[in-house]
Amino acid sequence: MIKINPSEITPEHVYLSRRKFMVGIGALLTSSLVLSACGGDLSQSPERSEGSGEGLSKGPQEPSPTPPTAEPGPDGPVFPTVSATTDELGEKLTSYEVVIQYNNYYEFTTNKERVAFLAQDFKTSPWKVEVGGLVHKPKTFDIDDLYKLPQEERIYRLRCVEAWSMVIPWVGFPLAKLLKEVEPMAEAKYVRFETLYDPDQMPGQKSGGYNWPYVEGLRMDEAMHDLTILATGLYGKSLLPQNGAPVRLVVPWKYGFKSIKSVVKIDLVEEMPVSLWMATAPHEYGFYANVNPEVPHPRWSQATERRIGEFGRRETLLFNGYAEEVADLYAGLDLKKWY
Ligand SMILES: Nc1nc2c(c(=O)[nH]1)N[C@H]1C(S)=C(S)[C@@H](COP(=O)(O)O)O[C@H]1N2
Ligand SMILES: [Mo]
């Protein structure tokens, strides 16, 4: 039974009172190859490339009562349980089943519904995250070090550049916390992130057309913003491989491809990093990639989106609905311009 959810179009002027729950404890395209940022085959419209998600949308579902197979590390983490059924705009959480079964993770496959299967044996322990570059105290963090930081719940909208979206209750901690520990130098202007490179485990890395490993970047002030988190879990459980276990970035006001998964390296740098998508399709993807309904992707509009689990489309919000929190960061930037 599919329950039809009337698509509620949230006006941009809706007052935003972001709820933050502290719970304590705690290449160039080869000519014939068509790529899409997290989109699979570029010859398809985003609607079509993600249309198969319908099969997963069985209407509202309770978060699964039994924990998934992912085991927390020996010393934790202690995850806060899900504390709300909606985000701060009143938007329903996307069901757990959909969040773990409809994924973009090109290191495994471009087929969203096969990622979970292909990633099921991905080894997420032991895991280290090396933080260095222009810092006074470079440090390699063991994943258990990160689990020992207080884990907070953050309910965020995730807007993929392919024009679909979800609402996900993440668990994690502000990236700023980690960065402060390594003491960035004044020359550090950007943060560069890297995903694990391991073609034996990640079959997608054997395919050409992409500049592996997956790289993403943020400007220093974006990285230090309180909304920017490193996530270790979702729905009160440790991340599963398909969602970027054991630790991934989440930047809710930017298109989903900025939220890089399974991070092993974080470098503070002076120059703007070149992300995988900038290198792969520079004419389509810029560095900032802020969600903006008025700036179309070269091949489709970004004015509307489909919330997975709903019929119909809804209006896309500037900065994915987080304008009040982040618009100041871009005071000098022409938002109409495509970066
Ligand atoms: N390393 C890596 N990170 C990635 C991707 C990827 O292919 N590889 N896909 C991105 C895209 S396009 C999106 S929309 C989100 C999807 O996150 P989810 O599968 O947890 O919902 O992850 C992003 N992070
Ligand atoms: Mo995406």
About its Cα centre, how strong a charge dipole does region 132-278 have in debye, to the nearest 20, once Lys and Arg get +1 and Asp and Glu get -1 at the Cβ?
360 debye
For Val167, the residues 5 or more places away or on another chain with a placed amide H closer than 5 Å to its own amide H are Thr94, Leu158
Label region 234-339 by shape, choosing from rounded, prolate and oblate, from the square roots a ≥ b ≥ c of the eigenvalues of the Cα gyration tensor; if a/c is under 1.5 it is rounded, and otherwise prolate applies when a/b is larger than b/c, oblate when it is not.
oblate
Projected label distance in nm at Thr86 and Thr140, using a 7 Å step from Cα toward the beta-carbon
4.8 nm
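Every number in this text was worked out from the coordinates using simple rules, so none of it is lab data. Here the structure is a predicted model, which means the values were calculated and not measured. Quick reminder, even Gly has a Cβ in these numbers, built from the backbone with ideal geometry, and neighbours come from all protein chains shown.
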